[in-house]
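Novice: For reference, the structure I am asking about is given below.
The values are calculated or read from the model by the stated rules, or taken from the named source; none is laboratory data. Everything numeric in this text was worked out from a predicted model, so none of it was measured. A quick note on method: Cβ atoms are made from the backbone with ideal geometry, for glycine too, and the neighbour counts reach across all protein chains shown. In case anyone asks, the SASA skips ligands and DNA or RNA and just uses the protein heavy atoms, side chains included. Shrake-Rupley method; radii C 1.70, N 1.55, O 1.52, S 1.80 Å.
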Amino acid sequence: MQISLEAGSRRIKEQDAWAKELFPTVHERLKQAAETLPPDSPAQPFVDALTELVQAQADATGFVVLHR
């Protein structure tokens, strides 16, 4: 049981490190993609909401928590 707990803890730390490294790049790509969308696009409300959510996450922790 102890080995399983330690392995789980290690995986979470690895996932956090991966997310912290990757998040800024993905966030920037999302912003760039959102800027290319025409303002009258039917997807605009979704893109606005997603961009706002990701920005709030960036402001709060700087990365997305991936724990399952």
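Novice: Nothing charged except the Cβ atoms of Lys and Arg (+1) and of Asp and Glu (-1): what's the magnitude of the dipole of region 2-60 about its Cα centre? Round to the nearest 20 debye.
Specialist: Numbers: 6 positive and 10 negative charges, 64 e Å.
Here the size comes out at about 300 debye.
Novice: So what's the angle, to the nearest 10 degrees on a 0 to 90 scale, between helix 2-36 and the longest Cα principal axis of the chain?
Specialist: Roughly 10 degrees between the two axes.
Novice: While we're on this one: If you count only protein heavy atoms and use a 1.4 Å probe, how large is the accessible surface of ASP48, to the nearest 10 Å²?
Specialist: 80
Novice: For the chain, take the longest principal axis of its alpha carbons; what is the angle in degrees between that and the long axis of helix 44-60, to the nearest 10 within 0 to 90?
Specialist: So the inclination is approximately 40 degrees.
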